[in-house]
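Heads up: the structure comes next, in structure tokens.
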Amino acid sequence: MSLTSDLATAATSYASGARAAAASPLPSGRTTYRHYPDIQADLKQIVASHPSIARSIVLPKKTFQGRDITGIEVSDHVSATDDAKPTFFLMGEHHAREWPSAEIRLSSGST
């Protein structure tokens, strides 16, 4: 186990190595994980690109830190509130440092 004293230098080194990585097999083509602002921007882009089937949502509860919990709904009748359709809920990035869960969620929304 090693301890890195200069995390900023280590992060820069890691990021430059990630940029040099081979092409990704992910539908997004990404070779690095998204950060929270990237995820929020990508969700907004999905809604903007597909307004007839996607809409932004904010859950009624907040995080323990008082932040909104946001997401998107995808449906062929996205404006309906009582269509009695079954619901499929896919959660991602719900624990810190578990970035792959966000990648899976966003990759399924962008294909």
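A few remarks follow.
- In the stretch 53-86, the residues that are under 19 Å from the mean Cα position of the chain (by Cα) and of a type in the set (Ser, Thr, Tyr): Ser56, Thr63, Thr70, Ser75
- Each residue in the stretch 34-55 was checked for being farther than 18 Å from Glu73 by Cα and loosely packed, with under 13 Cβ neighbours inside 10 Å, and 3 of them qualify.
- Some residue of the stretch 87-105 being in a helix (DSSP H, G or I), surrounded by 14 or more Cβ atoms within 10 Å (Cβ to Cβ), under 15 Å from the mean Cα position of the chain (by Cα) and at pLDDT 80 or above: no
- Which numbered condition Glu103 misses (of (1) touching a residue at least 60 places away in the same chain (Cβ under 8 Å); (2) touching an Asp or Glu at 6+ places or on another chain (Cβ under 6 Å)): (2)
- Taken over the stretch 22-52, the criterion of being among the basic types (Lys, Arg), assigned to a loop (DSSP other than H, G, I, E, B) and either under 12 Å from the mean Cα position of the chain (by Cα) or on the phi > 0 side of the Ramachandran plot (or both) is satisfied by Arg34 alone.
- In the stretch 56-82, of all residues being closer than 18 Å to Asp38 by Cα and in contact (Cβ under 8 Å) with a residue 24 or more places away in the chain, the one that is surrounded by the fewest Cβ atoms within 10 Å (Cβ to Cβ) corresponds to Thr70.
- Considering only residues in the stretch 32-67 that are among the charged types (D, E, K, R) and modelled with pLDDT under 90, the one that is farthest from Ala102 (Cα to Cα) turns out to be Arg67.
The values are calculated or read from the model by the stated rules, or taken from the named source; none is laboratory data. Predicted, not measured: the structure shown is a model, and the values here were computed from it. Positions of Cβ are backbone-derived with ideal geometry, glycine not excepted, and every protein chain shown enters the neighbour counts.
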